[in-house]
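The values are calculated or read from the model by the stated rules, or taken from the named source; none is laboratory data. Keep in mind that this is a model prediction, so the values were computed, not measured. Because the Cβ atoms are built from the backbone with ideal geometry, glycine has one as well, and the counts that use them run over all protein chains shown. With ligands, DNA and RNA removed, areas are computed over all heavy atoms of the protein, side chains included. Shrake-Rupley method; radii C 1.70, N 1.55, O 1.52, S 1.80 Å.
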Amino acid sequence: MHSWTELTVAEQTLMRRALAEYSLAKTVQHYGLALRWGGAEEAVPRSYTEAEQRALVPHLAAAALGLAGRGLLTVHEGHSLWVRPVPVTGAELHAVLTDPANWLWTARPDRAFHLAAPPAVRERWADAAYPVADTSALPTWDELSVAQRRVLVCAAETDGMLTGPFGIWDDPPAGLDGAGRLAWADRQLAPLLPFVHEGWIEVHHRPDGATDAFTVIPPGSLRAALADPAVRYQGDEWGVGVGCVFTHAGLAVWDGGWSDEWSRRLHFD
């Protein structure tokens with residue numbers, strides 16, 4: 001079995017998805033994240049368009065078929081790996097992985113496929129899939145402010161939202177002028193910005209809840225973006241507005257530092 005560092009970015013992306021038992025859909029977008037966070041020249045500060053995703057499918061499909069052929073990755077059909085998933089093998093596996101439709105996210109797919117990894121592969125690579133972070137100097141969970149904790153948990157969640165009807169941040173009061181909205185944004189950004197500047201959290205603007213489209217909001221533009229009603233969104237639709245995600249470096253810090261304490265309190269407090 002190869003070492004983790006010998007895998008290509010495409011193979012690492014597929015294996016991360018498999019180790020977490022995530023869906024095949026959205027894998028192309030996560031490949032884009034991995035390229036960007038790894039500093040690749042071809043990376044873009046946004047999601048891929050449908051045409052771009054379809055163009056990348058042959059590359060990722062070849063990588064997935066190679067991993068499957070080496071016994072490192074498996075594919076299962078079903079909307080959840082917890083409910084009678086059906087293994088996909090042989091000619092059907094090739095057909096599933098080479099069909100771009102199976103790689104694209106849709107709200108209600110006709111067929112759904114999940115990636116997984118055999119137990120031996122999981123044991124070998126579970127700790128290697130993300131960078132190792134030195135968390136010895138981190139503040140404890142109790143030393144973080146409530147606002148900082150909420151931001152970290154938001155980034156840890158799938159599709160965690162900062163603004164919008166399901167976001168962790170309140171909408172600014174009606175009637176604020178431009179300066180008032182900027183001051184409101186400054187207060188909300190205060191617990192987030194240190195994590196962004198460390199490269200642990202990336203902030204996305206999601207304009208449409210019916211697609212997986214997003215653009216990255218760079219640190220220097222966050223203040224103006226959060227003061228803009230059109231960006232932060234104050235309607236009722238799920239998944240529209242400003243969200244945040246852990247980068248690979250941030251996930252290493254989260255897993256190595258705060259996640260255990262948060263999980264313990266979530267389940268036992």
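Pairs meeting the criteria (first residue in region 158-185 and within 16 Å of VAL240 (Cα to Cα), second residue among the hydroxyl-bearing types (Ser, Thr, Tyr), beta carbons under 8 Å, at least 6 apart or on different chains) are THR163/TYR233; GLY164/TYR233; TRP169/THR163; ASP171/THR163. A single member of ALA51, ALA91, ALA62, ALA95 is of a type in the set (Gly, Ala, Ser), without any contact (Cβ under 8 Å) to a residue 40 or more places away in the chain, open to solvent by 30 Å² or more (accessible area, probe 1.4 Å) and within 19 Å of LEU7 (Cβ to Cβ), and it is ALA62. For region 43-70, which residues satisfy the criterion of being over 24 Å from ARG206 (Cβ atoms) and either in a loop (DSSP other than H, G, I, E, B) or touching a strand residue (DSSP E or B) at 6+ places or on another chain (Cβ under 9 Å) (or both)? Correct list: ALA64, ALA68, ARG70.
Would you confirm whether any residue within region 168-175 is among the β-branched types (Val, Ile, Thr), closer than 22 Å to PHE214 by Cβ and open to solvent by less than 20 Å² (accessible area, probe 1.4 Å)?
At the first step, the residues of region 168-175 found to be among the β-branched types (Val, Ile, Thr) are 168.
From the residues that got through so far, the ones that are closer than 22 Å to PHE214 by Cβ too are 168.
Next, from what is left, pick out any that are open to solvent by less than 20 Å² (accessible area, probe 1.4 Å): none.
Looking through region 168-175, none of the residues is among the β-branched types (Val, Ile, Thr), closer than 22 Å to PHE214 by Cβ and open to solvent by less than 20 Å² (accessible area, probe 1.4 Å).
So which residues in region 15-32 are open to solvent by less than 40 Å² (accessible area, probe 1.4 Å), part of a helix (DSSP H, G or I) and either in contact with a helix residue (DSSP H, G or I) (Cβ under 6 Å, 6 or more places away or on another chain) or touching a residue at least 60 places away in the same chain (Cβ under 8 Å) (or both)?
Of region 15-32, the ones open to solvent by less than 40 Å² (accessible area, probe 1.4 Å) are 15-19, 23-25, 27-29, 31-32.
Narrowing further to those that are part of a helix (DSSP H, G or I): 15-19, 27-29, 31-32.
Matches in region 15-32: MET15, ARG16, ARG17, ALA18, LEU19, THR27, VAL28, GLN29, TYR31.
Report the residue count in region 100-155 for those that are in a helix (DSSP H, G or I) and either of a type in the set (Phe, Trp, Tyr) or open to solvent by less than 50 Å² (accessible area, probe 1.4 Å) (or both). Can you show your working first?
Of region 100-155, the ones in a helix (DSSP H, G or I) are 100-103, 119-125, 146-155.
Imposing the further condition that a residue be either of a type in the set (Phe, Trp, Tyr) or open to solvent by less than 50 Å² (accessible area, probe 1.4 Å) (or both) reduces the set to 100, 102-103, 121, 125, 147-148, 151-155.
Residues in region 100-155 being in a helix (DSSP H, G or I) and either of a type in the set (Phe, Trp, Tyr) or open to solvent by less than 50 Å² (accessible area, probe 1.4 Å) (or both): 12 in total.
Residue count for region 199-218, restricted to those that are crowded, with 16+ Cβ neighbours inside 10 Å and in contact with a helix residue (DSSP H, G or I) (Cβ under 7 Å, 6 or more places away or on another chain): 6.
Here's the yes/no breakdown for (1) modelled with pLDDT of 95 or more; (2) touching a strand residue (DSSP E or B) at 6+ places or on another chain (Cβ under 9 Å):
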residue: CYS154; (1), (2): yes, yes
residue: ASP159; (1), (2): no, yes
residue: THR163; (1), (2): yes, yes
residue: PHE166; (1), (2): no, yes
residue: ALA174; (1), (2): no, no
residue: ASP177; (1), (2): yes, no
residue: LEU182; (1), (2): yes, no
residue: ILE201; (1), (2): yes, yes
residue: HIS204; (1), (2): yes, yes
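Of all residues in region 27-56, those satisfying the criterion of being among the small types (Gly, Ala, Ser) and under 11 Å from the mean Cα position of the chain (by Cα) are GLY32, ALA34. Going by the conditions given, is ALA40 assigned to a helix (DSSP H, G or I) and either modelled with pLDDT of 95 or more or touching a helix residue (DSSP H, G or I) at 6+ places or on another chain (Cβ under 6 Å) (or both)? Taking the combined requirement at face value, the residue does not satisfy it.
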